[in-house]
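The values are calculated or read from the model by the stated rules, or taken from the named source; none is laboratory data. Not measured: the values here are computed from a predicted model. So basically every Cβ, Gly included, is an ideal-geometry build from the backbone, and we count neighbours across all protein chains shown. Quick note on the areas: whole protein, heavy atoms, side chains included, nothing else; ligands and nucleic acids left out. Shrake-Rupley method; radii C 1.70, N 1.55, O 1.52, S 1.80 Å.
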Amino acid sequence: MATGADVRDILELGGVESENTGTINKKDIINSDKKKSKKSSETLTFKRPEGMHREVYALLYSDKKDAPPLLPSDTTQGYRTVKAKLGSKKVRPWKWMPFTNPARKDGAMFYHWRRAAEEGKDYPFARFNKTVQVPVYSEQEYQMYLHDDAWTKAETDHLFDLARRFDLRFVVIHDRYDHQQFKKRSVEDLKERYYHICAKLANIRAAPGTDLKIPVFDAGHERRRKEQLERLYNRTPEQVAEEEYLIQELRKIETRKKEREKRTQDLQKLITAADTTTEQRRAERKAPKKKLPQKKETEKPAVPETAGIKFPDFKSAGVTLRSQRMKLPSSVGQKKIKALEQMLMELGVDLNPMPTEEIVQMFNELRSDLVLLYELKQAFANCEYELQMLRHRYEALAKAGSIGPLSVEGAHPDGQTGLSIEEGKGDTKDQIIDVVGAPLTPNSDIENTLSVNGRGDTLTWT
């Protein structure tokens with residue numbers, strides 16, 4: 001049966017009577033601290049109103065679980081800007097006062113609002129008044145150093161007077177120049193005379209041993225520049241289109257020239273690789289064969305990278321199959337692989353031979369040489385096709401009459417045919433020939449025969 005203390009505990013009415021009665025239960029001894037902390041925590045919690053999100057309700061409390069404020073407060077901390085506190089000091093008085101600009105020489109008087117404490121001070125924008133220091137010469141200096149037959153002293157004085165008035169703005173000086181009293185001058189003439197006098201005076205008045213920065217004006221260059229600018233401005237739309245077309249053609253020629261140089265370098269690398277491989281084969285044949293089983297794996301012919309195929313070296317630790325050394329690297333394209341297989345089939349060589357040590361080495365060398373031979377044939381076909389295109393261009397120009405016919409001087413002792421060009425006589429302009437043709441797509445199976453000079457001499461490529 002429940003006692004009165006249990007009922008009060010259930011209804012949360014407090015344990016006043018239980019304390020007065022003096023009866024102590026087991027629960028009071030064990031859970032005394034928990035009840036106190038529970039009551040203290042329950043007194044600081046508030047129920048979230050219905051319809052209010054949890055995040056919004058959490059903003060009403062601080063980290064200390066303080067009660068929400070009854071009115072909005074401004075603690076002057078956070079992201080709010082501090083408002084201006086007006087009325088803390090006495091307003092500084094302003095006054096309508098006159099002022100003069102030191103840059104003006106006429107003594108004009110102006111008025112503006114200014115603080116009363118700044119009355120009597122200089123105009124603040126007068127510091128931006130920068131003037132050019134125009135040199136002054138005496139009568140003696142002019143007669144000794146500055147005399148010029150094309151210029152009189154009165155005209156020179158007039159030029160320097162205008163230079164001081166208009167701060168070396170020579171376009172304005174030319175406009176204000178007295179062309180009625182003096183000879184008509186251009187802007188370049190005025191500049192040349194002024195800077196020539198400045199350079200002379202600087203040399204005369206300079207102390208010996210000082211490094212001077214003498215201004216130099218090239219009147220001829222300035223005249224040519226303006227003339228070229230005027231020609232550029234007066235171009236017709238047809239001339240502009242023609243110039244753009246010529247620029248595009250020049251870029252194409254430069255691009256094809258770079259491609260030709262690259263092909264020449266690649267061809268030279270192939271020739272060098274072929275010569276190197278041939279020399280290595282001869283050296284291996286002449287060298288005495290010695291049985292060195294311990295160095296058989298490491299001693300291999302050093303083939304250049306450009307010579308055919310570069311097979312990978314298996315130097316990592318572990319077990320490897322010898323047949324892996326016969327695998328073609330990924331750098332070899334599918335076109336070369338098909339051509340290599342076709343050449344091996346024509347030679348009657350098995351595509352997958354027994355991978356013994358000697359067969360692997362010889363088979364790799366054979367395929368490398370075949371790929372090198374394939375690249376040399378392809379380069380030869382490209383050169384042949386390019387030569388054929390140049391021949392057709394030459395014949396077209398010869399028919400037009402701009403250059404003379406192609407003639408054979410004779411055969412050289414080394415078997416090469418000597419070719420010479422008879423240039424057409426007359427006042428004809430030099431022909432600019434683009435020696436680089438379209439992209440090379442030769443047919444290596446076509447036999448090209450070139451008949452030269454009508455004498456039955458032929459140049460044949462197969």
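Beta carbons closer than 8 Å, at least 6 apart along the sequence or on distinct chains, pair a first residue in the range 94-110 that is under 24 Å from D167 (Cβ atoms) and part of a strand (DSSP E or B) with a second that is among the hydroxyl-bearing types (S, T, Y) and open to solvent by 100 Å² or more (accessible area, probe 1.4 Å) for F99/Y111.
The residues of the range 339-359 that are assigned to a helix (DSSP H, G or I) and either among the polar types (S, T, N, Q) or in contact with a Ser or Thr (Cβ under 8 Å, 6 or more places away or on another chain) (or both) amount to a single one, Q342. Each residue in the range 179-204 was checked for being touching an Asp or Glu at 6+ places or on another chain (Cβ under 9 Å) and without any contact (Cβ under 8 Å) to a residue 60 or more places away in the chain, and 11 pass. Of all residues in the range 116-145, those that are under 20 Å from K105 (Cβ atoms) have Cβ atoms under 7 Å from Cβ atoms of residues that are open to solvent by 90 Å² or more (accessible area, probe 1.4 Å), 6 or more apart or on another chain, in V134/R164. Is there a residue being over 37 Å from the mean Cα position of the chain (by Cα) and aromatic (F, W, Y) anywhere in the range 209-219? No, there is no match, as no residue in the range 209-219 is over 37 Å from the mean Cα position of the chain (by Cα) and aromatic (F, W, Y). Of all the listed residues (Y137, Y142, Y194), the sole one being within 20 Å of E222 (Cβ to Cβ) and open to solvent by less than 80 Å² (accessible area, probe 1.4 Å) is Y194.
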